[in-house]
Amino acid sequence: MPEEPNTEEPNAEEPDAEEPKVRTLDARSLRGLAHPLRMRMLAALRRGGPATASQLAERLGESSGATSYHLRQLAAHGFVEDAPEHGKGRERWWRAVHDGTRFDEELLYTEDPATRGAADLFLHEIATIHTQELSTWLGTAFGWPQEWRRASEVSDFTLRLTPDQTFELIHKMHDLINSYRDLPPSQDTKTVRLHSHVFPRAGE
């Protein structure tokens with residue numbers, strides 16, 4: 001995240017920052033998650049914290065009946081759970097169980113057509129969400145302070161690399177991004193989204 005790096009030495013008496021809880025998808029959990037509304041609901045819970053079906057419905061422009069049904073499906077596959085400490089009366093609050101999701105590329109090569117179809121839907125929905133987020137930013141950037149517009153970026157690069165070098169580059173980028181997690185918040189801190197798309201081009 002584009003925040004000021006923490007250059008202070010860690011306090012030996014303070015515990016290390018907790019690693020994000022990331023769930024690696026298997027065939028069953030992938031099929032349970034690979035639905036556009038479920039993916040958006042899970043993302044909303046991860047970023048915005050616990051919520052009710054009605055709150056998610058209002059946020060995502062869906063009916064509370066739809067969000068309630070898909071929350072139960074997400075719970076059945078272990079992605080969300082009850083957050084009873086937030087509830088009042090008969091309200092049912094939900095929270096995300098994990099901070100993120102890891103996609104296993106082997107799911108694209110399984111012999112099960114249902115799993116391959118779910119993998120294709122999952123990846124295309126992520127690409128759609130990224131496109132929508134970028135379009136929203138470009139359409140609203142004029143309303144942000146200049147320092148935030150200057151801190152945004154829409155770039156692309158072309159390199160000539162081997163598969164191993166490309167794999168190494170991806171993990172170096174991930175390590176750099178993760179080094180900015182759990183920094184002390186400040187008055188200027190905002191939630192920042194980073195997208196990464198790395199793929200080979202044919203015929204070059």
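The values are calculated or read from the model by the stated rules, or taken from the named source; none is laboratory data. Everything numeric in this text was worked out from a predicted model, so none of it was measured. Note that each Cβ is placed from the backbone with ideal geometry, even for glycine, and that neighbours are counted across all protein chains shown. SASA here: full protein model, heavy atoms, side chains in, ligands and nucleic acids out. Shrake-Rupley method; radii C 1.70, N 1.55, O 1.52, S 1.80 Å.
For the chain, with all protein chains present and a 1.4 Å probe, just round the carbon and sulfur fraction of the accessible area to a whole percent. For the chain, the apolar C and S fraction of the accessible surface comes to 51 percent. Packing here is the average count of other Cβ atoms within 10 Å per residue, and on that basis the peptides 70-76, 56-62, highest first, run 70-76, 56-62.
Per residue, the chain exposes 73 Å² of solvent-accessible protein surface, assessed with a 1.4 angstrom probe and all protein chains in place. Taking all C-alpha pairs of segment 17-125, those more than 24 Å from each other amount to 26 percent. Normalising by residue count, the chain has a Cα convex hull of 194 Å³ per residue.
Rounded to the nearest 0.05, the FRET efficiency derived from the C-beta distance between T140 and R201 at R0 = 30 Å is 0.45. From its DSSP helices (H runs of at least four residues, each -39,500 (n - 2.57)), the chain gives a residue-normalised ellipticity at 222 nm of -14000 deg cm²/dmol.
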